[in-house]
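Notes follow the structure.
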Amino acid sequence: MNYAYDLHIHSCISPCASDDMTPNNIVNMAFIKGLKIISVTDHNSAKHCRVIERLTKQTGILYIPGMEVQTREEVHVLCYFKTVEAIEAFDQRLEVLKSKVKNKPKVFGNQFVCDENDEIIEHVEEALILSVDIGIDDLKRLVDDFEGAFVPAHINKNANSLLVNLGFIPESLNVGCIERFERSPIDKDILAKYRVILNSDAHYLESINEPINHLALERLTADTVIHFLIGKG
């Protein structure tokens with residue numbers, strides 16, 4: 001079966017996202033657009049994962065807990081997990097490595113945490129836009145520890161991407177899947193070597209993908225999605 005997806009969406013925790021990117025707004029927009037699988041991948045935070053999971057269960061959308069981590073090399077990596085419990089434990093391991101620099105909302109944007117009714121319950125003080133003090137190799141090992149999927153984000157984008165910042169994809173990472181940035185060229189040999197996903201990287205509601213990209217899966221489960229992203233199944 002083919003299932004429409006968008007696995008790179010930012011909520012209002014991410015300082016670069018619109019304040020309208022609340023949990024209900026995201027889930028409802030995904031439902032209206034006919035998506036079957038989504039992941040909200042905020043910068044260096046899993047604080048909306050549990051509420052997003054509860055909301056998607058009401059719509060029949062499969063939610064994959066995710067986070068966009070910025071490594072010490074300033075490379076963005078999409079980290080996906082089978083359960084909310086796994087990503088929250090992963091987030092706890094990262095907590096001591098996160099920057100303690102305070103966010104400047106007027107410069108970087110707001111960092112709101114909302115409840116199931118989209119009421120603001122927290123303003124995250126630390127600047128989530130900054131790098132976590134972890135190298136890309138150690139991040140891969142940590143994701144593996146929690147049986148997650150490590151997917152280099154917008155790999156051919158001209159900023160914060162593996163190919164631009166490092167110049168190559170290290171074999172040691174054992175990458176199975178990459179995220180392609182549609183508006184930049186990419187070497188055909190890379191496309192042939194890895195599984196490729198195309199996401200919106202949405203910071204605004206209207207930017208969430210239409211149902212144009214699909215994953216071919218035997219079953220609609222978190223396990224099958226993670227196996228696909230790892231490069232198995």
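Every number here is computed from the coordinates shown, using simple stated rules; none is lab data. Predicted model, so just to flag it, every value in this text is computed and none were measured. We place every Cβ from the backbone using ideal geometry, glycine too, and count neighbours over all the protein chains shown.
Below, the figures for the structure above:
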| read-out | value |
| --- | --- |
| Separation of the Ile32 and Ile169 label points, Cα + 7 Å toward Cβ, nm | 3.6 |
| Lys, Arg +1 and Asp, Glu -1 on Cβ, resulting dipole of segment 2-230 about Cα centre, debye, nearest 20 | 360 |
| At most 13 other Cβ within 10 Å, DSSP loop - trypsin sites (Lys or Arg not before Pro), segment 154-206 | Arg183 |
| Neighbour cut-off at most 16 other Cβ (10 Å), DSSP loop, GluC sites (Glu not before Pro), segment 103-138 | Glu116, Glu119, Glu125 |
| Asn117/Arg93 FRET efficiency (R0 30 Å; Cβ-Cβ; nearest 0.05) | 0.50 |
| Extreme residue, positive dipole direction of the chain, given options Thr224, Cys79, Ile26 (C-beta unit charges) | Thr224 |
| Taking the chain and dividing mean pair separation by its residue count, relative contact order in percent (alpha carbons under 8 Å, at least six apart) | 27 |
| Exceeding the 30 Å Cα-Cα cut-off - candidates Lys82/Lys193; Lys104/Lys193; Lys157/Lys193; Lys36/Lys157; Lys36/Lys100; Lys100/Lys157 | Lys104/Lys193; Lys36/Lys100 |
| Lysines with Cα under 24 Å of Lys102, excluding same-chain neighbours fewer than 8 positions away | Lys47 |
| Inter-probe distance in nm under a simple model that places probes 7 Å from Cα toward Cβ, at Thr221 and Asp187 | 3.7 |
| Relative compactness, segment 139-233, computed as alpha-carbon Rg over 2.2 N^0.38 Å | 1.11 |
| Length released on extending from Asp19 to His214, taking residue separation times 0.36 nm less the Cα-Cα span | 67.4 nm |
| Stokes-Einstein D (µm²/s) once Rh is taken as the Kirkwood radius of segment 2-230 over alpha-carbon pairs, at 20 °C in 1.002 mPa s | 123 |
| Rounded to 5, the percent of DSSP beta bridges in the chain classed as antiparallel | 55 |
